[in-house]
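To start, the structure under review is shown below, and the notes come after it.
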Number of protein chains: 4
Amino acid sequence: MRPPVPLTGVIPPMCTPLTPTGDVDTRSLAALTRRLLDAGVHGLFALGSTGEVAYLTDAQRRTALETVVEAAAGRVPVLAGVIDTTTARMRDHAAGAAASGADALVATAPFYTRTHPAEIADHFRRLRAGTELPLFAYDIPAAVHTKLTAAIVLPLAADGTLAGLKDSSGQVEEARRLLVAARDRGLGERFSVLTGSEMAVDGALLAGVHGVVPGLGNVDPHGYLRLYAHARAGRWAEAAAEQDRLAALFALTETGDPARMGGSSSALGGFKAALHLLGVIDCPATAAPQVPLEAAAVDRVRKFLDDAGLTA
Amino acid sequence: MRPPVPLTGVIPPMCTPLTPTGDVDTRSLAALTRRLLDAGVHGLFALGSTGEVAYLTDAQRRTALETVVEAAAGRVPVLAGVIDTTTARMRDHAAGAAASGADALVATAPFYTRTHPAEIADHFRRLRAGTELPLFAYDIPAAVHTKLTAAIVLPLAADGTLAGLKDSSGQVEEARRLLVAARDRGLGERFSVLTGSEMAVDGALLAGVHGVVPGLGNVDPHGYLRLYAHARAGRWAEAAAEQDRLAALFALTETGDPARMGGSSSALGGFKAALHLLGVIDCPATAAPQVPLEAAAVDRVRKFLDDAGLTA
Amino acid sequence: MRPPVPLTGVIPPMCTPLTPTGDVDTRSLAALTRRLLDAGVHGLFALGSTGEVAYLTDAQRRTALETVVEAAAGRVPVLAGVIDTTTARMRDHAAGAAASGADALVATAPFYTRTHPAEIADHFRRLRAGTELPLFAYDIPAAVHTKLTAAIVLPLAADGTLAGLKDSSGQVEEARRLLVAARDRGLGERFSVLTGSEMAVDGALLAGVHGVVPGLGNVDPHGYLRLYAHARAGRWAEAAAEQDRLAALFALTETGDPARMGGSSSALGGFKAALHLLGVIDCPATAAPQVPLEAAAVDRVRKFLDDAGLTA
Amino acid sequence: MRPPVPLTGVIPPMCTPLTPTGDVDTRSLAALTRRLLDAGVHGLFALGSTGEVAYLTDAQRRTALETVVEAAAGRVPVLAGVIDTTTARMRDHAAGAAASGADALVATAPFYTRTHPAEIADHFRRLRAGTELPLFAYDIPAAVHTKLTAAIVLPLAADGTLAGLKDSSGQVEEARRLLVAARDRGLGERFSVLTGSEMAVDGALLAGVHGVVPGLGNVDPHGYLRLYAHARAGRWAEAAAEQDRLAALFALTETGDPARMGGSSSALGGFKAALHLLGVIDCPATAAPQVPLEAAAVDRVRKFLDDAGLTA
């Protein structure tokens, strides 16, 4: 299915459940997909950072994406990450994603290599030229180590290279500048800005973003859907209250001991522990070489779920 | 005067006008102070980054602060930056600021040196122990190169070391985490979070910040005061529209040619060019070794003022 | 062939010549291989950063590696980069490299994702467990954004996980610390430290590194071989003089206009322009989206070659 | 006394001993000065990062500098750091240092503020114009967060603004580029490059630096003097062996627990603990808010001193 223009709503970046031996757990992934669909999400984003795309082999990426596409059954659009170091490699992933049934692609700027705004723009143009699918830029400086500024993104929005931006930079002022400029240029209705700042969704929607891509939406899709509905209805105080509740819940991403593990292990381990505790997935394992959460950390995850009323 | 607890409202970080020879232009600074007071600001922040504190000698800092205090005449509280590399040096500035009549102090974490969260906490406790004045922490990682996380700030809020936080980090998610946690601990009414994210004030107020410290408020205080009033009255759509207008105006900070000058030259030069064009200050010079804006850049500043309706 | 233990000498990280349409130019790559072998290099490193590994598809990587292996014909060991974001993906590359005839593997720490020293160590252990080939760690913080400290590397050297380290960090003090500690632990003769600091090879050899992996060695292998021979013979003044000459020649990596292109475009474009001017490769193109050097930049590359006496 | 041109030799960046209550311990500082002079150092650098300049008030800086100048008694030149955020503040320090009897000044680029190469060059020119004393640039990106590249430094060397560079960047390749270019321009005999890479002094001297500014030289001046003498006599193997010994000793800077303190606390605490154990200074305290070394860390410092033969 063609994604709506502009793409709006709640579009969770899906976790990729794994088996104890590190394979993609297709049963659990399909279950997660159906849970999100039943909650009413507006789209699904497979193979993003939350989906451990950087840890998955090409074969695992294909398995994961096909599982989501099949389980989604056309009910909502499926966006697929095509994350890799540079253009030619991402074009290979794009072809694979199209073959697997993705409805749109999500690509970062080149990374690992030293790049430049002109090269980043050319990169997205080449990616777009190689696919039939709408293309979303993925701004995640914590991973990519460059920032997709408004100056880079706006021309790519204007010429149709990009259908939208997934903004995981946390830099809400640069997002505001982009939103204002895009509206000034008449792009507001065809270029979709999706925020990944999952603890500031209320403000982002107030600023005019079209949708939200919350990792925590794997765990509590209803919360983000309520927040989105409040905002769309102008019930801003209610939106903020819901965001406050979700911000407290987000602490489940920080239960891991930083002396023993990195941020991905703790955050993605927290999401998966929660999904496991909620009975959605069979195994909370993250991909190697991430470090599993210790038992005490899982207990804290459970506590946060209890506090948020998700285990009643 | 004792600042209200919690401190709320619009508290512009004041520019420090200079003469063509680089002295503090006390006439212009007094005029700027009165203009802000007449607009209705709730406080004044002298000697912040926008005030070029890092460029001013100790003597110039004293002159600037005394000028603001005198012009403010007790109508609103005057916060004074005591920015320096470490504790003992900041304590000297704190004593000077108190002697000059400041009502509260604003201090960063140590910088230049390699520090640690435990050292940062001790730093603020030592500062607080050396002064009668309320102390605000100033989180500006772009200058200080460390982040004041919620984990650092909360205990300092709880034990009364800090009266508030000026958050110029741009990291609104960490701010949300802090706001939620502070309310959970019953600190919401005595610990003031002031945002420096001047293009995202609507969302910050929706998230619960107490006030705003906008550099652009030197140029358009009425805009920020309207935005603040809308938000406090729950007129969120109007607040967002005002913020959009101000976000467009903020482009006056980026007229400088990045091949010829740094970000401070462009941003602070933009503010001062605007104040000069508006007739508030006599000379748009920034402190050496900052590079003056070229004439074409000043023309663009004028254009942004026109577009914002400030030159009518 | 099994690489010697420890691996020593000059081991250039090979450029990957491309055709005008972006395919691997196998004729030119074979010619480059033979030129380096005829000069007397002690090993070849294919698919490193200088080889544009981050820009090559899996198919291109295979073509390039097989071309080098075939042209090397067993005269020296061929090291192959298996650069990718994380462990499982690198294991796939490792299997491919082994099938293509590589003699050893070179792998970075995980990147794109947020990692941790314990995860990095586990990553290398898992890589090593999945291959018969000796494994070299590749420390290149400019690309990977973490540093392989002595504290991470030493245990992996001691337990046989790593056969060596390619140090492209530029942090010679950390390298010294590693070298001293490795010798203290009796690892000096079985753990090979190879420096990528191609403008400081004399000092690195004086400090005890085993070999050198200079990108500029594509252009002037004889220079690095002379430098290496001087150092091994204790002719340190002559080594330093040769290094000075090569340091001046290295300026050919910086002819690109930084307003128009990134550092990879300029550096890799400089190497390839030089190889093209020297008649070694047919086309100087770098992989998209890198920006080609302008004609004036190529003229400057030619001038540097002239000055270095390479075009006589 | 006028420093020799170029300045050469071993010029330790002196620690600033403190009393238990945090005052400058002038007795201990004079003792340290005499110890270094008696060892035969070629100059003294007071008020550098190792001297905790960032922690000292203006009054303490003056006391410390006057103590060193008096104890040096004209036997060697005394360089004084004038570290502060920007030009005007550094000019104030420069005037004070000249009044206190300094023979040369050492200044960083502006920090805290966002700067630009053109502004940095102007900064040094303004500093130089305001003083009679020779001016050395201090390149310490870990503190200042910009790098003094060869492109910035060379014109300032050529026009006489700078008498030299203290390179604490650790970027030996950029230093090589500078050294080669300076010699090409005939500046080798009047522009002095001093390395702060105290674990790579042998290679730096081989590359042509004029002198060394080792923090560890506070603890073991004789070691650095032997290393320097070996290098100047062309005994490179002996130089390297001495450097290896000193690199092992440098581990005394890393005994502090990184979970409890920052890098300055550990490194400066290690130097001071060593000086205290050696009977040179009365109290090992570092300036607040640095964290004191725990007893076990001090025991490790003692062990490193024993291993290096300094406690015999």
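Of all residues being more than 8 Å from every other protein chain (Cβ to nearest Cβ) and either at pLDDT below 95 or not in a loop (DSSP other than H, G, I, E, B) (or both) in segment A:131-149, which is most open to solvent (accessible area, probe 1.4 Å)? Just the residue, please.
A:Pro141
Of these, D:Gly170, D:Gly164, which one is facing another protein chain (nearest Cβ under 8 Å), in contact with a Ser or Thr (Cβ under 6 Å, 6 or more places away or on another chain) and at pLDDT 95 or above?
Exactly one residue qualifies, and that residue is D:Gly170.
Please tell me if A:Tyr112 is more than 9 Å from chain C (Cβ to nearest Cβ), in contact with a helix residue (DSSP H, G or I) (Cβ under 9 Å, 6 or more places away or on another chain) and open to solvent by less than 40 Å² (accessible area, probe 1.4 Å). Outline the logic, then answer.
On the way: more than 9 Å from chain C (Cβ to nearest Cβ): no; in contact with a helix residue (DSSP H, G or I) (Cβ under 9 Å, 6 or more places away or on another chain): yes; open to solvent by less than 40 Å² (accessible area, probe 1.4 Å): yes.
Taking the combined requirement at face value, the residue does not satisfy it.
State all residues of segment A:289-312 that are part of a loop (DSSP other than H, G, I, E, B) and either touching a residue at least 40 places away in the same chain (Cβ under 8 Å) or not polar (S, T, N, Q) (or both); if no residue qualifies, say none. First the steps, then the outcome.
Quick first cut of segment A:289-312, residues part of a loop (DSSP other than H, G, I, E, B) only: A:289-294, A:308-312.
Across segment A:289-312, the qualifying residues are A:Pro289, A:Gln290, A:Val291, A:Pro292, A:Leu293, A:Glu294, A:Ala308, A:Gly309, A:Leu310, A:Ala312.
In segment A:249-301, which residues are more than 14 Å from A:Thr16 (Cα to Cα) and charged (D, E, K, R)?
A:Glu254, A:Asp257, A:Arg260, A:Glu294, A:Asp299, A:Arg300
Taking segment C:7-60 on its own, how many of its residues are under 17 Å from the mean Cα position of the chain (by Cα), assigned to a loop (DSSP other than H, G, I, E, B) and of a type outside the set (Ser, Thr, Tyr)?
Summing the residues that are under 17 Å from the mean Cα position of the chain (by Cα), assigned to a loop (DSSP other than H, G, I, E, B) and of a type outside the set (Ser, Thr, Tyr) in segment C:7-60 gives 15.
Restricting segment D:262-279 to residues that are surrounded by fewer than 20 Cβ atoms within 10 Å (Cβ to Cβ) and under 20 Å from the mean Cα position of the chain (by Cα), which is farthest from B:Gly130 (Cα to Cα)?
D:His276
Any idea which residue in segment D:207-226 is nearest to D:Ala175 (Cα to Cα), counting only those that are of a type in the set (A, V, I, L, M) and more than 12 Å from chain C (Cβ to nearest Cβ)?
D:Val212
Any residue that is in contact with a Lys or Arg (Cβ under 9 Å, 6 or more places away or on another chain) and of a type in the set (Phe, Trp, Tyr) - is there at least one of those in segment C:250-272?
yes
Just to verify a result, which residue in segment D:91-109, among those that are more than 18 Å from the chain's Cα centre (by Cα) and either within 11 Å of chain B (Cβ to nearest Cβ) or assigned to a strand (DSSP E or B) (or both), is surrounded by the most Cβ atoms within 10 Å (Cβ to Cβ)?
Among those that are more than 18 Å from the chain's Cα centre (by Cα) and either within 11 Å of chain B (Cβ to nearest Cβ) or assigned to a strand (DSSP E or B) (or both), it is D:Arg91.
When segment C:200-209 is examined, which residues are found to be surrounded by 24 or more Cβ atoms within 10 Å (Cβ to Cβ) and not in a helix (DSSP H, G or I)?
C:Ala200, C:Val209
Going through segment C:63-75 one residue at a time, which ones are outside any helix (DSSP H, G or I) and within 11 Å of C:Ala102 (Cα to Cα)?
C:Gly74
Condition first: surrounded by fewer than 24 Cβ atoms within 10 Å (Cβ to Cβ) and under 15 Å from A:Arg89 (Cβ atoms). Can you find one or more residues in segment C:73-89 that meet it?
yes
Which of the residues spanning segment D:116-129 are open to solvent by 10 Å² or more (accessible area, probe 1.4 Å), facing chain B (nearest Cβ under 7 Å) and touching a Ser or Thr at 6+ places or on another chain (Cβ under 6 Å)?
Once the filter is applied, which keeps residues that are open to solvent by 10 Å² or more (accessible area, probe 1.4 Å), facing chain B (nearest Cβ under 7 Å) and touching a Ser or Thr at 6+ places or on another chain (Cβ under 6 Å), segment D:116-129 yields only D:Arg126.
Out of (1) open to solvent by less than 10 Å² (accessible area, probe 1.4 Å); (2) under 29 Å from C:Glu189 (Cβ atoms), what's the single condition that is false for C:His42?
With respect to (1) open to solvent by less than 10 Å² (accessible area, probe 1.4 Å); (2) under 29 Å from C:Glu189 (Cβ atoms), C:His42 is out only on (1).
Somewhere in segment B:267-288, is a residue assigned to a loop (DSSP other than H, G, I, E, B), in contact (Cβ under 8 Å) with a residue 60 or more places away in the chain and at the interface with another protein chain (Cβ under 10 Å from one of its Cβ atoms)?
At the first step, the residues of segment B:267-288 found to be assigned to a loop (DSSP other than H, G, I, E, B) are B:278-288.
Narrowing the set further to residues that are in contact (Cβ under 8 Å) with a residue 60 or more places away in the chain leaves B:280-283, B:285-288.
Subsequent filtering for residues that are at the interface with another protein chain (Cβ under 10 Å from one of its Cβ atoms) retains B:287-288.
There is at least one residue in segment B:267-288 that is assigned to a loop (DSSP other than H, G, I, E, B), in contact (Cβ under 8 Å) with a residue 60 or more places away in the chain and at the interface with another protein chain (Cβ under 10 Å from one of its Cβ atoms).
From A:Leu178, A:Leu133, A:Leu154, grab the single residue that is without any contact (Cβ under 8 Å) to a residue 60 or more places away in the chain, closer than 23 Å to A:Gly51 by Cβ and aliphatic (A, V, I, L, M).
Going through A:Leu178, A:Leu133, A:Leu154 in turn, the sole match is A:Leu133.
Can you confirm whether segment D:187-196 contains a residue that is open to solvent by 10 Å² or more (accessible area, probe 1.4 Å), acidic (Asp, Glu) and outside any helix (DSSP H, G or I)?
Yes.
Only one residue in D:Ala259, D:Ala241 is within 12 Å of another protein chain (Cβ to nearest Cβ), of a type in the set (Gly, Ala, Ser) and closer than 30 Å to B:Pro117 by Cα. Which one?
Only one candidate passes the filter, namely D:Ala259.
Would a scan of segment C:193-206 turn up a residue that is in contact with a Leu (Cβ under 9 Å, 6 or more places away or on another chain) and away from chain D (no Cβ under 12 Å)?
Scanning segment C:193-206 turns up at least one residue that is in contact with a Leu (Cβ under 9 Å, 6 or more places away or on another chain) and away from chain D (no Cβ under 12 Å).
What do you reckon, is B:Leu36 touching a residue at least 60 places away in the same chain (Cβ under 8 Å), surrounded by 23 or more Cβ atoms within 10 Å (Cβ to Cβ) and either of a type in the set (A, V, I, L, M) or within 11 Å of another protein chain (Cβ to nearest Cβ) (or both)?
Here the answer is yes, as B:Leu36 does meet what is asked.
Here is a check on your reading of the model: is B:Ala308 over 21 Å from B:Tyr55 (Cα atoms) and surrounded by fewer than 20 Cβ atoms within 10 Å (Cβ to Cβ)? Full working, then the answer.
Values: over 21 Å from B:Tyr55 (Cα atoms): yes; surrounded by fewer than 20 Cβ atoms within 10 Å (Cβ to Cβ): no.
When the stated conditions are applied, B:Ala308 does not pass them.
Restricting to segment B:179-192, name every residue that is touching a Phe, Trp or Tyr at 6+ places or on another chain (Cβ under 9 Å) and within 11 Å of chain A (Cβ to nearest Cβ).
none
Spot the failing condition for D:Ala59; the list is (1) closer than 24 Å to D:Ala287 by Cα; (2) of a type in the set (A, V, I, L, M); (3) touching a residue at least 24 places away in the same chain (Cβ under 8 Å), and only one is missed.
Here D:Ala59 meets the rest and fails (3).
Yes or no: segment B:157-168 includes at least one residue that is of a type outside the set (Phe, Trp, Tyr), surrounded by fewer than 21 Cβ atoms within 10 Å (Cβ to Cβ), outside any loop (DSSP other than H, G, I, E, B) and more than 19 Å from the chain's Cα centre (by Cα).
Yes, some residue in segment B:157-168 is of a type outside the set (Phe, Trp, Tyr), surrounded by fewer than 21 Cβ atoms within 10 Å (Cβ to Cβ), outside any loop (DSSP other than H, G, I, E, B) and more than 19 Å from the chain's Cα centre (by Cα).
So, in segment B:210-233, of the ones that are outside any helix (DSSP H, G or I) and touching a helix residue (DSSP H, G or I) at 6+ places or on another chain (Cβ under 7 Å), which residue ends up surrounded by the most Cβ atoms within 10 Å (Cβ to Cβ)?
Restricting to residues being outside any helix (DSSP H, G or I) and touching a helix residue (DSSP H, G or I) at 6+ places or on another chain (Cβ under 7 Å), the top hit is B:Val219.
The values are calculated or read from the model by the stated rules, or taken from the named source; none is laboratory data. Computed from a predicted model, the values in this text were never measured in an experiment. A quick note on method: Cβ atoms are made from the backbone with ideal geometry, for glycine too, and the neighbour counts reach across all protein chains shown. Quick note on the areas: whole protein, heavy atoms, side chains included, nothing else; ligands and nucleic acids left out. Shrake-Rupley method; radii C 1.70, N 1.55, O 1.52, S 1.80 Å.
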